[in-house]
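Note sheet for the following structure.
The values are calculated or read from the model by the stated rules, or taken from the named source; none is laboratory data. Because the structure is a prediction, the values reported are computed rather than measured. We place every Cβ from the backbone using ideal geometry, glycine too, and count neighbours over all the protein chains shown.
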Amino acid sequence: EPEVTQTPSHQVTQMGQEVILRCVPISNHLYFYWYRQILGQKVEFLVSFYNNEISEKSEIFDDQFSVERPDGSNFTLKIRSTKLEDSAMYFCASSEALYEKLFFGSGTQLSVL
Amino acid sequence: AQSVTQLGSHVSVSEGALVLLRCNYSSSVPPYLFWYVQYPNQGLQLLLKYTTGATLVKGINGFEAEFKKSETSFHLTKPSAHMSDAAEYFCAVLFRPKAAGNKLTFGGGTRVLVKP
C-alpha cells in the first residue's frame, strides 16, 4: 500500500528557533493536511491544503505557522519561532479526493526545549 | 458545540472476546464518521468509514461499526479479539461536510490491551 513519508521522525529544537517538518504525500493525491497531537491530548487539525493554497485552517494555525508545497512532491510545515507549547507529534496526511480515505504518515515528534 | 467523545481511554479484553469501543458525537447534522487505528510507531490507518447508505459498515481486520443517528453514536466492534488488535483506536468525525477542506475532529483515543 502507498505510504505518506515524514522526516525527521524526531526533532529537538530550542525555543525561538525555526523548524521545518517535511512530508512526502502519496503521489496522485490532491489534498494535504497537517494534524498534531500534544502528549495526552486529542489529535487536532491544523491545516488543509488544496490546489496550492490553504483551504481551511484551525485557530491553532496562527502567523507562526506556514505550509508549502515547494516542488510538487514535498509538503512542508514551518514553525517560525517555536514555543514550548509547540512540542507535539505532528502528522501529515493526504487524500485523493474529498471525504476519501486520509493516509497518515507516522509522525514527527517535535520537542521544544 | 460539536464534539467527539470516546468512552474509556483504556480497554482490556481477553483474546477471543468481544471488542467494543464507544464513540459518540454531538451535532445536529449527521456527519461523516471514521475509525482509525494506530499501532506503535506507525501512522493512523483507516479501519472503516460511514458517509451515507447502510448504517452498518465493515472494515479491515474484522472490525465493523454501526451508525445510530438517534443515539449519535458510532461504536466499533469486533467479535473475537486477536493479540494483533492491541493498538490505539481513534474515532474521527467530519462535521458539516463542505466543498473544500476535510477537517477531522478526533476523539481522545482508546488504547486496547489484549490479554492471552
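Odds and ends about this structure:
- Residue in segment B:19-32 that is outside any loop (DSSP other than H, G, I, E, B), polar (S, T, N, Q), surrounded by 15 or more Cβ atoms within 10 Å (Cβ to Cβ) and at pLDDT 90 or above present: yes
- Subset of segment B:46-61 [surrounded by 15 or more Cβ atoms within 10 Å (Cβ to Cβ) and in contact (Cβ under 8 Å) with a residue 12 or more places away in the chain]: B:46, B:47, B:48, B:49, B:50, B:51, B:59
- Any chance residue A:91 is touching a Pro at 6+ places or on another chain (Cβ under 7 Å) and either in contact (Cβ under 8 Å) with a residue 24 or more places away in the chain or surrounded by fewer than 17 Cβ atoms within 10 Å (Cβ to Cβ) (or both): no
- In summary, residue B:14 fulfils each of the numbered conditions (1) free of Cβ contacts under 8 Å to residues at least 24 places away in the same chain; (2) more than 13 Å from chain A (Cβ to nearest Cβ) with the single exception of condition (1).
- Evaluation of residue B:67 against (1) within 14 Å of another protein chain (Cβ to nearest Cβ); (2) in contact with a Phe, Trp or Tyr (Cβ under 9 Å, 6 or more places away or on another chain) (one fails), failing number: (1)
- Checked against (1) at pLDDT below 90; (2) closer than 24 Å to residue A:60 by Cβ, residue B:41 passes all but condition (2).
- Annotation: of all residues in segment A:5-35 being within 13 Å of the chain's Cα centre (by Cα) and of a type in the set (S, T, N, Q), the one that is nearest to residue B:41 (Cα to Cα) is A:9.
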